[in-house]
Amino acid sequence: MPTLFELPPLKYAFNALEPVIDAMTMEIHHDKHHAAYVTNLNKALESAPELQGKPIEWLLQNITQVPESIRTAVRNNGGGHHNHSLFWDWIAPGGSKQPKGRLEKEINASFGSLDTFIEKFSAAATTRFGSGWAWLVLDGDKKLQVYSTANQDSPLMDGHKPLLGLDVWEHAYYLKYQNRRPEYVKNFWSIVNWDVVGRLFDQAQG
Ligand code: MN
């Protein structure tokens, strides 16, 4: 049996992020949406035994080497699996509520201030038309960048390392916020676990 991808368990209770994200949204988002990405990714890889056992990061970084017949499925479902695996840790309870150390310095150097960064990221999140993600990444030149991507596209496909991402698909907020995406984006900042972002930043320095 090839190594199949598995849904990572949520490390905290569904209601742990209330009132920012309600328990039902967390349950459906993790147990149904994320689970479906994992199932569909595994299904797509059935026809490509040479890719089975490759880490998810490799599949996304080398998406152009994935056979064309399953490339879109791997891009969408592999991106979905990786993005969500990170997302559950980014919005985890606990941790520091603002960046520290090298990451704090780099955010100030790149954007002027934490507030300016938050404004820029929030604008990327609110203006992404349709479904997608807003990102803080470390790019190929080891510079911080803020942008958004469509659907489940991962910054890894461009050789960038995702440091912080916000899911702006309606499934991430609609039960509580309906059409009020800006309110969801604003409240997001109160549940970001900056220790996780800082750790990813340090790792991405290589
Ligand atoms: Mn999602």
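Every listed requirement among (1) more than 16 Å from the ligand (Cβ to nearest atom); (2) touching a helix residue (DSSP H, G or I) at 6+ places or on another chain (Cβ under 8 Å); (3) in a loop (DSSP other than H, G, I, E, B) is met by ASP153 save one, (1).
Only residues that are closer than 20 Å to LEU156 by Cβ, assigned to a loop (DSSP other than H, G, I, E, B) and in contact with a Phe, Trp or Tyr (Cβ under 7 Å, 6 or more places away or on another chain) were counted across region 92-129, and they come to 0.
Whenever a residue of region 38-55 is closer than 15 Å to SER85 by Cα, its partners that are of a type outside the set (Gly, Ala, Ser) and open to solvent by 10 Å² or more (accessible area, probe 1.4 Å), lying with C-beta atoms within less than 7 angstrom and at least six residues away or across chains, give the pairs VAL38/PHE5; VAL38/GLU6; VAL38/LEU7; VAL38/HIS81; LEU41/PHE5; LEU41/ASN77; LEU41/HIS81. Among the residues making up region 141-170, those that are out of contact with any Phe, Trp or Tyr (no Cβ under 7 Å at 6 or more places or on another chain) and open to solvent by less than 40 Å² (accessible area, probe 1.4 Å) are LEU144, ALA150, GLN152, ASP153, SER154, LEU156, HIS160. Only a single item in (1) open to solvent by 50 Å² or more (accessible area, probe 1.4 Å); (2) without any contact (Cβ under 8 Å) to a residue 60 or more places away in the chain is not met by ALA123, and it is number (1).
Given the criterion farther than 12 Å from HIS81 by Cβ, small (Gly, Ala, Ser) and open to solvent by less than 40 Å² (accessible area, probe 1.4 Å), identify the matching residue among ALA23, ALA35, ALA13.
Values: ALA35 fails: farther than 12 Å from HIS81 by Cβ; ALA13 fails: open to solvent by less than 40 Å² (accessible area, probe 1.4 Å).
Selected residue: ALA23, the only one of ALA23, ALA35, ALA13 that is farther than 12 Å from HIS81 by Cβ, small (Gly, Ala, Ser) and open to solvent by less than 40 Å² (accessible area, probe 1.4 Å).
The values are calculated or read from the model by the stated rules, or taken from the named source; none is laboratory data. Bear in mind the structure is a predicted one, so any value in this text is a computation, not a measurement. FYI the Cβ positions are ideal-geometry reconstructions off the backbone, even for glycines, and counts take in every protein chain you see. What goes into the accessible areas is simple: the full protein's heavy atoms, side chains included, and nothing from ligands, DNA or RNA. Shrake-Rupley method; radii C 1.70, N 1.55, O 1.52, S 1.80 Å.
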